[in-house]
């Protein structure tokens, strides 16, 4: 007797092998869905999955591969975030929307969840951002993220999809699902401290950033997916609601690494920037997540010190160098 078709909804995760993506994928694998995990390289499916998991390596810049990847999806989670990739986000989003909009076999518009960034606002008009600000993206990466988001929300307004963008602040940490450390600036400082290098800043250390752990970032995206109907049609901000001076964060990193290794803390200090800094780089930003919380119930759960402890532990563990990434010898700016 032929096997009946699996009619559970298909959820497609683009960027499933990344730090956030792998945590999102591991959570979705515990649900009664069909799950297609897409990355540049194939990766093993999450263990003990309840979902029917398909792992697919794809070049999402190829229109045919992209079309095949998202065809039939009831939900797409777009987690691509390479700042070196030009207009990748906008091109992939356009392909996703074209494919989903062309479907005629759906009973309801598919959900498309997009991971944006709070830096899309450009120069922050105030220290506490709540999502009502006028966007003026001023870098190529910000413009690419913003273009993709605008396309999604236009398609949502037209009824083609249920589009939701969740803008995240500075994300740090490692994935418990695949062991990868994220490639952000705060985690780069942890890697530097583990390597015994000084932690340097291009300012006096009083600039504040909202620092969100990977687990909380993934939980925010899952909450948005679960409430796509209520959230569709606009962007939302998810963060801790606390701005931490970067100098304090770096000194905490140095202390944790010293405690774990028995070495003296690496020095933390300011150095002259190699180029003039933008206004945005010198402006403190904190996210007000109140609106997102009201609609989803999501709240950041990981205290900063705990998150830094976990990330230092991961950085010190015997892990292949490819997971840790290259330790940069240059000064890192946190946007």
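So here's what we get for this one:
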item	result
Principal axis dimensions, segment 73-179 - Cα atoms, whole angstrom, descending	45, 37, 25
Largest-first ellipsoid semi-axes for segment 112-227, taking √(5λ) over the Cα gyration tensor eigenvalues, angstrom	29, 19, 12
The chain: antiparallel DSSP beta bridges as a percent of all, rounded to 5	5 percent
Gained length - residue 301 relative to residue 134, 0.36 nm times residue gap less alpha-carbon distance	57.2 nm
Mean separation of Cα contacts under 8 Å, 6 or more apart, over the residue count of the chain: relative contact order %	18 percent
Euclidean distance between Cα centres, segment 127-145 to segment 199-227, Å	15 Å
At q = 0.25 Å⁻¹, base-10 log of I(q)/I(0) for segment 160-255 (Debye sum, equal scatterers on each alpha carbon)	-1.29
Pairwise centroid distance, computed over Cα atoms, of segment 263-290 with segment 172-186, Å	20 Å
Anisotropy class of segment 25-93 from Cα gyration tensor, a/c 1.5 cut	prolate
Cα-based convex hull, segment 209-250, per residue volume (Å³, whole number)	65 Å³
Sorted peptide list for 15-21, 45-51, 244-250, 255-261, criterion being average Cβ within 10 angstrom, highest first	15-21, 244-250, 255-261, 45-51
Cα convex hull of segment 233-318, projected area averaged across orientations, nm²	8.8 nm²
Over the chain - Rg/Rh using Cα atoms and the Kirkwood inverse-distance radius	0.97
Which of 149, 309 has the fewest Cβ neighbours within 10 Å, and the rest in rising order	309, 149
For segment 92-181, share of DSSP beta bridges that run antiparallel, in % to the nearest 5	10 percent
The chain, helix-only ellipticity at 222 nm - DSSP H runs n ≥ 4, -39,500 (n - 2.57), divided by all residues, nearest 500	-10500 deg cm²/dmol
Separation of alpha-carbon centers, segment 48-101 and segment 13-46, rounded to whole Å	12 Å
Between 0 and 90°, nearest 10: helix 304-316 axis offset from the chain longest Cα axis	90 degrees
q = 0.19 Å⁻¹, segment 268-315: log10 I(q)/I(0) [Debye, one scatterer per Cα]	-0.93
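Every number here is computed from the coordinates shown, using simple stated rules; none is lab data. What you see is a predicted model; the values in this text were computed from it and never measured. Quick reminder, even Gly has a Cβ in these numbers, built from the backbone with ideal geometry, and neighbours come from all protein chains shown.
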